[in-house]
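The numbers here are math on the coordinates, done by the rules we state, and not lab data. Only a predicted model underlies this, so the values are computations on that prediction, with no experimental measurement involved. With ideal geometry, Cβ positions are generated from the backbone for all residues, glycine too; neighbour counts draw on all protein chains shown.
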Amino acid sequence: MLADAVVPYDGIVTVHDLTLLGANFGLDDTNPGFNAEVDYGPTDDATGTGIPLPDGTIDFDDEMIAALNYGAGAKAAAAAPVAAGRVDLAWRPSGPATWTLELVAPRADLKGVRLSASLPLGLVPVVRAGAAVAAGDAQHLLLNDPRSGLDAGLVVLGAGMGVAAAGALLTVELPAGADLDLLGADKVDIELRGLDNQVLEFSLQGKSAGQLPVLEAYTTANGRPHQTGYYG
């Protein structure tokens with residue numbers, strides 16, 4: 001079972017496996033602390049039962065595989081339906097130093113969200129899961145790699161489990177005194193995944209996702225600041 005990473009393996013993805021994933025989130029194989037046990041994504045068909053294609057980085061792809069395989073019922077879960085249509089999002093200031101990513105209309109087929117932006121060195125925001133994710137019965141996992149400031153992955157745990165309601169998905173609070181425009185709509189990169197781990201198209205504040213600028217991938221460093229994450 002992919003994401004069953006803690007020895008001895010028991011064939012079930014549990015909170016212990018998620019803890020190991022969180023401790024390594026953001027590391028690449030140039031880092032002495034890199035643990036290949038949690039580099040199981042992506043897979044050849046994006047599913048939790050596909051052939052693993054390790055890419056040398058512990059990131060959102062690995063988090064999604066863990067979400068698909070989480071829990072005792074993962075092996076028997078039915079195939080997830082393929083989503084149709086764009087997901088309607090809003091990204092707006094919600095406080096003096098806070099931005100919120102909102103799901104405008106309910107989309108129970110939304111399983112994972114990645115939100116990233118390049119921020120000045122040493123500026124690390126506080127990232128929290130929103131009310132829309134906490135509304136249902138399923139648990140969720142939020143991890144952020146702070147080396148570039150913001151590179152957060154939020155997933156709903158368990159096969160076939162998605163976001164339960166419309167509303168706030170993520171809030172990002174910048175340190176006091178930081179320029180709110182650092183997280184403007186032209187400076188953030190958003191990626192959505194469905195119940196089948198396929199990329200979902202979305203609209204953001206009336207703009208097509210295809211019209212939004214895409215940030216270039218940043219080069220990871222060998223050093224690593226303190227890891228932040230949330231499991232709920």
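Could you pull out the GluC sites (Glu not before Pro) across the stretch 134-202 that fall in loop regions by DSSP (anything but H, G, I, E, B) with no more than 13 other Cβ atoms inside 10 Å?
201
What spacing in nm lies between the two simple spin-label points modelled at residue 94 and residue 181, each 7 Å away from Cα in the Cβ direction?
Taking the simple label geometry, residue 94 and residue 181 are separated by 2.4 nm.
Run through every distinct alpha carbon pair of the stretch 1-158 and return the Kirkwood hydrodynamic radius in angstroms, one decimal place.
Taking the inverse mean of 1/r over all distinct Cα pairs, the stretch 1-158 comes out at 16.7 Å.
Over all distinct Cα pairs, what is the inverse of the mean 1/r for the stretch 15-69, reported as the Kirkwood hydrodynamic radius in Å?
11.0 Å
If packing is taken as the mean number of other Cβ atoms within 10 Å per residue, what is the order of 143-151, 18-26, 91-99, highest first? Walk me through the numbers before you get to the answer.
On the way: 143-151: 23.1, 18-26: 21.4, 91-99: 15.7.
Descending packing order for the listed peptides: 143-151, 18-26, 91-99.
Suppose every Lys and Arg Cβ carries +1 and every Asp and Glu Cβ carries -1, with no other charges. What dipole size does the stretch 15-69 come out with about its Cα centre, to the nearest 20 debye?
Computed charge dipole of the stretch 15-69: roughly 160 debye.
In a Debye calculation with equal point scatterers on the alpha-carbon sites of the stretch 136-199 and no solvent, what is log10 I(q)/I(0) at q = 0.14, 0.15, 0.29 Å⁻¹?
Relative scattering, expressed as log10 I(q)/I(0), comes to -0.53, -0.61, -1.46.
Quick one: which residues, 5+ away or cross-chain, put their amide H under 5 Å from the amide H of residue 136? H built at 1.01 Å from N.
It is 164, by chain and number.
Which distance in nm do the two modelled labels at residue 7 and residue 205 give, with both placed 7 Å along the Cα-to-Cβ direction?
4.9 nm
At a Förster distance of 41 Å, what's the computed FRET efficiency of residue 34 paired with residue 72, Cβ-Cβ distance as r, to 0.05?
The computed FRET efficiency comes out at 0.90.
Measuring from centroid to centroid over Cα atoms, what is the spacing of the stretch 10-27 and the stretch 128-191 in Å?
A separation of 19 Å, based on Cα centres.
If I take R0 = 41 Å and measure r between the Cβ atoms of residue 131 and residue 51 in this structure, what FRET efficiency does the formula 1/(1 + (r/R0)^6) give, to the nearest 0.05?
With R0 = 41 Å, the Cβ-Cβ based efficiency is 0.65.
Would you mind calculating the gained length between residue 123 and residue 15 on full extension (0.36 nm times residue separation, minus the Cα-Cα distance), in nm to one decimal?
36.0 nm
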